[in-house]
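Notes follow the structure.
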Amino acid sequence: MPVLTIQPSGKTLQAAAGSSILTALLAGGEAIAHKCDGKAECGSCHIFVQEGRKSLSKIQRVENEKLDAVVGVGSKSRLACQAMLGNEDVTVEVLSFV
Ligand code: FES
């Protein structure tokens, strides 16, 4: 079971491999915007993946296209609703608050 570390709070969550980062964050009671409920349409769940990036699912076209339209995107950007956890621990920086 991968451990998800959330910055800037430093809180950690046990997450299920195969679930999205968004699902894991919400299950852990973390506040993160998700206006389209995980359909890769709103871009509000934009996060930076600080560690463990390689264990996540690859970026698909729908995510890439949405990220192109989000302000402040960098090389560590993912949409939390589209990034599926693998077996390794991941550290993310949550950028939006609800
Ligand atoms: S929740 Fe809308 S893009 Fe992720």
Which lysines have a Cα lying under 23 Å from the Cα of LYS58, excluding residues fewer than 8 positions away in the same chain? LYS35, LYS39, LYS66, LYS76
Collect residues whose amide H, placed 1.01 Å from N in the peptide plane, falls under 5 Å from the amide H of ALA33; neighbours closer than 5 in sequence don't count. SER96, PHE97, VAL98
Can you compute log10 of I(q)/I(0) for the chain with the Debye formula, treating each Cα as one identical point scatterer, at q = 0.17, 0.18, 0.19 Å⁻¹? -0.63, -0.71, -0.80
Given the -39500 (n - 2.57) contribution per DSSP H run of 4+ residues, what per-residue ellipticity at 222 nm results for the chain, rounded to the nearest 500 deg cm²/dmol? -4000 deg cm²/dmol
From a point 7 Å beyond the Cα of ALA17 in the direction of its Cβ, which residues of segment 70-98 have a backbone N at a distance under 15 Å? 84-90
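Please work out how much length the chain gains when fully extended from LEU95 to SER75, using 0.36 nm per residue of separation minus the C-alpha to C-alpha distance, in nm with one decimal. Before the final figure, lay out the partial values.
Numbers: separation 20, 0.36 × 20 = 7.20 nm, distance 1.45 nm.
Value of the extension gain: 5.8 nm.
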List the cysteines of the chain that have no other Cys Cβ closer than 4.7 Å: which are they? CYS45, CYS81
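Computed from the coordinates by the stated procedures, all read-outs in this text should not be read as laboratory data. What you see is a predicted model, and the numbers here were worked out from it, not measured in a lab. Heads up, the Cβs are rebuilt from the backbone with ideal geometry, glycines too, and the neighbour counts pull from every protein chain shown.
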